[in-house]
Amino acid sequence: MNTKNQRIPKFVSKLIEILDNQSYTEIISFDEKGDGIIIHQQELFENKILLNYFKHNHIDSFTRQMNNYGFKRVKNQQGKYEFKNPFFQKNNKNMIHLVMKKKQEKIQIISQFLALKSELNQFSQELDQFNFFASSYQQSQSILTESQNKAKLEMISISQKNLEMEQMLSYLIYEKKNGIELN
């Protein structure tokens, strides 16, 4: 079984080594789907494999270790023990690094939660800053629009006064040319 260069617990590495050893396929192997491990011959497994790899021959100790690493033990249709873990599959080797002790798994989940919480807090602060700047921008935009409207009204008023003055000046010039005197 080919694994990535990621930290794989010693117990899981030994399990991989056992399953990769072709001389053990009559004793232990993956099931037909490749998502479970079957112990075909429990006595040979205890005396040949467990003693060789784990320095004991107690199936109960092995089962406890499997449980510690998230494997569930079930009896299959042939009445043999089968162990399943969603991250330990024959045809999906890039998930094996996710097989870990339950305590490690909890610590990893807590670490991931804390990291996400920190990211969420940072994002929340950035969002608050953005909202502050957006509000300031809207206030500035509102003040600018109000100033523009005042300036337009002032221009209209000045234009009207200018027009009135031009009319008065034209009238005065007309009176001067025609000799009309104002009283």
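The values are calculated or read from the model by the stated rules, or taken from the named source; none is laboratory data. Being a predicted model, the structure only gives us computed values, none of them experimental. Reconstructed Cβ throughout: ideal geometry from the backbone, glycine too, with neighbour counts over all protein chains shown. Protein only, heavy atoms only, side chains kept; ligands, DNA and RNA dropped before computing areas. Shrake-Rupley method; radii C 1.70, N 1.55, O 1.52, S 1.80 Å.
A single member of Gln108, Gln138 is surrounded by 10 or more Cβ atoms within 10 Å (Cβ to Cβ), modelled with pLDDT of 80 or more and part of a helix (DSSP H, G or I), and it is Gln138.
Results for (1) loosely packed, with under 11 Cβ neighbours inside 10 Å; (2) at pLDDT 90 or above, shown as yes or no for each residue.
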| site | (1), (2) |
| --- | --- |
| Arg7 | yes, no |
| Lys10 | yes, yes |
| Glu17 | no, yes |
| Gln22 | yes, yes |
| Asp35 | no, no |
| Ile38 | no, yes |
| Gln41 | no, yes |
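Being in a helix (DSSP H, G or I) and touching a helix residue (DSSP H, G or I) at 6+ places or on another chain (Cβ under 8 Å) is the filter here; which residues of the stretch 84-100 pass it? Talk me through it step by step, then tell me what you get.
In the first step, residues of the stretch 84-100 are kept if they are in a helix (DSSP H, G or I); the result is 93-98.
Correct list: Ile96 only.
For the stretch 60-87, the tally of residues that are open to solvent by less than 20 Å² (accessible area, probe 1.4 Å) and touching a Leu at 6+ places or on another chain (Cβ under 8 Å) stands at 1. Each residue in the stretch 152-183 was checked for being among the hydroxyl-bearing types (Ser, Thr, Tyr) and open to solvent by less than 100 Å² (accessible area, probe 1.4 Å), and 3 pass.
This table checks each residue for (1) of a type outside the set (Val, Ile, Thr); (2) under 19 Å from Thr25 (Cα atoms); (3) modelled with pLDDT of 90 or more; (4) in contact with a Phe, Trp or Tyr (Cβ under 7 Å, 6 or more places away or on another chain).
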{"site": "Lys48", "(1), (2), (3), (4)": "yes, yes, yes, no"}
{"site": "Arg64", "(1), (2), (3), (4)": "yes, no, yes, no"}
{"site": "Asn67", "(1), (2), (3), (4)": "yes, no, yes, no"}
{"site": "Lys75", "(1), (2), (3), (4)": "yes, yes, no, yes"}
{"site": "Lys80", "(1), (2), (3), (4)": "yes, yes, no, no"}
{"site": "Phe83", "(1), (2), (3), (4)": "yes, yes, yes, yes"}
{"site": "Pro86", "(1), (2), (3), (4)": "yes, no, no, no"}
